[in-house]
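Computed from the coordinates by the stated procedures, all read-outs in this text should not be read as laboratory data. Note that the structure is a prediction, hence the values are computed from the model and not measured. Cβ sites come from the backbone with ideal geometry, for glycine too, and all protein chains shown count toward neighbours.
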Amino acid sequence: MKATPDSSSSMEEILKNNRKWVDEKKAADPEYFHKLAKGQKPRYLFIGCSDSRVPASAITGTGPGEMFVHRNIANLVVHSDMNLLAVLQYAVEVLEVKDILVVGHYGCGGVAAAASNKQLGLIDNWLTHIKDVVRLNETEFLRIADKEQQLRRLVELNVIEQVRNLATTNIIQNALGRPNPPRLHGLVYDIHDGLLHDLNVETDIINEFKHIYGVEAIELAEEAVEDIQAGKQQPAPTEPKPNGKARKEEEEQARKA
Ligand SMILES: [Zn+2]
């Protein structure tokens with residue numbers, strides 16, 4: 001396809017900016033790219049919205065090599081999203097990131113679209129995950145009379161729910177059973193003033209629902225500690241406890257009998 005004058009001039013601009021950036025980096029440190037080429041060991045994984053006003057590096061003051069990044073519309077953590085899961089597993093198990101940031105932003109078009117009842121096409125299915133957040137928090141959501149405040153709160157509730165989704169992946173659940181698991185953070189970026197706000201949600205989210213989402217190893221380890229503290233004998237390691245499904249079936253059988 002022949003490039004239009006507009007598209008070639010816009011690409012010239014991009015390439016010109018790139019060369020200017022390379023020159024500046026080399027002027028500050030002639031070995032800059034040589035060092036970066038050796039490999040990456042980023043401390044952070046950033047999961048944010050694709051919105052062009054929320055550039056991961058710029059708003060966090062991080063440079064190349066410091067932050068692994070995944071972005072999608074409305075910063076969702078969906079348990080069947082292979083793209084997200086692959087990024088998460090690589091970041092946690094190979095790069096061993098220390099902090100995972102789920103970053104939403106006020107004024108998010110995806111969140112606003114989910115809160116409206118307009119049909120937009122394929123994306124409606126993606127945005128249904130945010131409608132689920134409304135359903136889970138409906139009482140609080142409907143109590144807010146001001147539309148703008150309602151959307152701002154939905155942005156926050158969406159971040160909290162996505163941190164919860166993150167915490168309940170088997171990748172994070174397994175990491176929690178190892179030394180130095182990554183810390184999870186929920187943040188909201190305000191495009192009106194450029195400030196990031198920490199919602200301070202990690203501890204609550206990791207501790208709630210672990211009887212449902214926690215991996216069996218963690219559950220058994222905790223029960224063993226409780227048994228020791230209560231002075232009870234530890235269960236024999238050769239007799240594994242039935243998992244949730246098996247336990248439910250046993251209870252069902254007992255109920256029918
Ligand atoms: Zn957004």
Give the long-range amide H neighbours of residue 184: residues separated by 5 or more places, or on another chain, with amide H under 5 Å away, using H modelled in the peptide plane at 1.01 Å from N.
100
Name the trypsin sites (Lys or Arg not before Pro) in segment 90-153 that are in a loop by DSSP and that have at most 12 other C-beta atoms within 10 Å, would you?
118
Amide H contacts under 5 Å for residue 73, restricted to residues at least 5 apart in sequence or on another chain and with H modeled in the peptide plane, are 50
Too long at a 25 Å Cα-Cα cut-off: which of 118/147; 35/98; 98/147; 98/210?
98/147
Listed by chain and number, the residues whose amide H is under 5 Å from that of residue 189, excluding neighbours fewer than 5 places away on the same chain and using placed H, are 104, 105, 106, 197
The Rg/Rh figure for segment 88-213, Cα atoms and Kirkwood Rh, to two decimals is 1.00
